[in-house]
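Asks: Next up is a structure, given as structure tokens.
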Amino acid sequence: MKKSCIKVLKNNGEPLRRELLEAELLDNSAKIICQGDYLYLPLTREPQEYEIRDLPGDLKLTEHEFEEQKGQLKLEDLLDEVPHFELIGDIAVIEDGVLEAEKVAGAIMKVKKNVMTVLASLGPVEGEFRTRRFRTIAGEDRMSTIHKEYGCRYYIDLERAYFTPRLATERARILPQVENGQTVVDMFAGVGPFSIMIGKKSSHIRVIAIDKNPDAILFLRRNIELNAVSNVEAIEGDANLEAEKFASMADHVIMNLPHNAHHFLDAAIKLCAPGAIIHYYDITPEEDLFNSSLNLIDEAARREGRSIEVTETKIVRSYAPHQFNVCIEVKVL
């Protein structure tokens, strides 16, 4: 199988292997290749520029054919049916009501050696602060962990602040759109997965991260220190009110609050400098993926005497039967 990989001199191979393992970039399902003076280390995904920048040794990003690592235990070997679950740091989260939950949890811990806790979600995201409740199925009885994603680390308490790893690819997609010298306002920042990744890209980007949940802001400030990003400003408050302080300053406005982002569109438009991009997230039915949301954005722009130009519409992921998490990106003129 052909995979992205890093080519490095043998002498630098072990320090690099440890770094890639720590960053969850090393693909353990494929065998490392040794050819002449070089090693080829298989990757789980294409790394970001700042991740390559931080790696030790003289290295080259390339592609190579790899053999599958034999003999690795898989969940399919232990379970008749593998249910959906999320990995957040060293915690695995399954849905409550999964048949034989204890057996599933035991299998996950046996196959995923880094998992220390298995939780069951007791219901959907709910309330003003978009939190969930859990119960411990196996392992350590705790809700907090440090999650690693694209070279960033996030301290999270899953019952006190919302986080999903399922938007990791979406966060990485936004990143190249932000340029040096720009200002980003993350209106519903949570523990900082959008804000910190963008801030880490370059110290010449200003990130204003807002959230109403005091626990989320507490964790966000901790994560700013954890990732050594001094260009991310954490603000506890209502985004509708805080936006007044940063009127016409934003080059990018991130609105990751599905179901409720439309309540903040007037504030988002006020934030926008001429030519700014709004990244608007919503949950929509398959028969009306984009049009109704686009109409709401257009109406908000007109109320402020502005106009919009659609730059991107995309389905981010399936959310529920016949419902999708979508992203709509518009330039505000």
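Asks: If Pro83 satisfies all but one of (1) in contact (Cβ under 8 Å) with a residue 24 or more places away in the chain; (2) out of contact with any Leu (no Cβ under 7 Å at 6 or more places or on another chain); (3) surrounded by fewer than 16 Cβ atoms within 10 Å (Cβ to Cβ), what's the number of the condition it fails?
Replies: Result: Pro83 fails condition (1) only.
Asks: Go through (1) crowded, with 18+ Cβ neighbours inside 10 Å; (2) touching a Ser or Thr at 6+ places or on another chain (Cβ under 7 Å); (3) part of a strand (DSSP E or B) one by one and return the number of the condition Ala273 breaks.
Replies: Going through the list (1) crowded, with 18+ Cβ neighbours inside 10 Å; (2) touching a Ser or Thr at 6+ places or on another chain (Cβ under 7 Å); (3) part of a strand (DSSP E or B), Ala273 breaks only (1).
Asks: Answer yes or no: is there a residue in the stretch 100-110 that is in contact (Cβ under 8 Å) with a residue 24 or more places away in the chain, assigned to a strand (DSSP E or B) and surrounded by 19 or more Cβ atoms within 10 Å (Cβ to Cβ). Steps first, answer last, please.
Replies: To start, the set of residues in the stretch 100-110 that are in contact (Cβ under 8 Å) with a residue 24 or more places away in the chain comprises 101-110.
When the remaining residues are screened for being assigned to a strand (DSSP E or B), the result is none.
No, the stretch 100-110 contains no residue that is in contact (Cβ under 8 Å) with a residue 24 or more places away in the chain, assigned to a strand (DSSP E or B) and surrounded by 19 or more Cβ atoms within 10 Å (Cβ to Cβ).
Rundown of residues vs (1) in contact (Cβ under 8 Å) with a residue 60 or more places away in the chain; (2) closer than 23 Å to Glu49 by Cα, yes/no style:
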position	(1), (2)
Thr169	no, yes
Ala172	yes, yes
Met187	yes, no
His204	no, yes
Val207	no, yes
Pro214	no, no
Val253	yes, yes
Asn256	yes, no
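Asks: On to the next question. Can you find a residue in the stretch 11-25 that is at pLDDT 90 or above and either on the phi > 0 side of the Ramachandran plot or of a type in the set (Val, Ile, Thr) (or both)?
Replies: No, every residue in the stretch 11-25 fails to be at pLDDT 90 or above and either on the phi > 0 side of the Ramachandran plot or of a type in the set (Val, Ile, Thr) (or both).
Asks: Quick test for you: out of Arg302, Arg317, pick the one residue that is in a helix (DSSP H, G or I), among the basic types (Lys, Arg) and either at pLDDT 95 or above or farther than 14 Å from Ala268 by Cβ (or both).
Replies: Details: Arg317 fails: in a helix (DSSP H, G or I).
Result of the check over Arg302, Arg317: Arg302.
Asks: I need a count of the residues in the stretch 53-73 that are in contact with a Leu (Cβ under 7 Å, 6 or more places away or on another chain) and surrounded by 15 or more Cβ atoms within 10 Å (Cβ to Cβ). Outline the logic, then answer.
Replies: Going residue by residue through the stretch 53-73, those that are in contact with a Leu (Cβ under 7 Å, 6 or more places away or on another chain) are 55-59.
With surrounded by 15 or more Cβ atoms within 10 Å (Cβ to Cβ) added as a condition, the list becomes 55, 59.
Here the count works out to 2.
Asks: Count, please, the residues in the stretch 42-72 that happen to be touching a helix residue (DSSP H, G or I) at 6+ places or on another chain (Cβ under 6 Å) and at pLDDT 85 or above.
Replies: 0
Asks: Scan the stretch 285-307 for residues that are crowded, with 20+ Cβ neighbours inside 10 Å and either over 22 Å from Glu242 (Cβ atoms) or not assigned by TED's automatic domain parsing to the domain that holds Ala209 (or both) and report the count.
Replies: Matching residues across the stretch 285-307 total 1.
Asks: Something else about it: I'm checking my understanding of the structure. Among residues of the stretch 117-160 that are among the aromatic types (Phe, Trp, Tyr), within 22 Å of Pro258 (Cβ to Cβ) and outside the structural domain of Glu102 (by TED's automatic domain parsing), which one is surrounded by the most Cβ atoms within 10 Å (Cβ to Cβ)?
Replies: That would be Tyr154.
The values are calculated or read from the model by the stated rules, or taken from the named source; none is laboratory data. As the structure is a prediction and not an experimental result, all values here were calculated from the model. Using ideal geometry, Cβ is built from the backbone for each residue, glycine included, and neighbour counts are taken over all protein chains shown.
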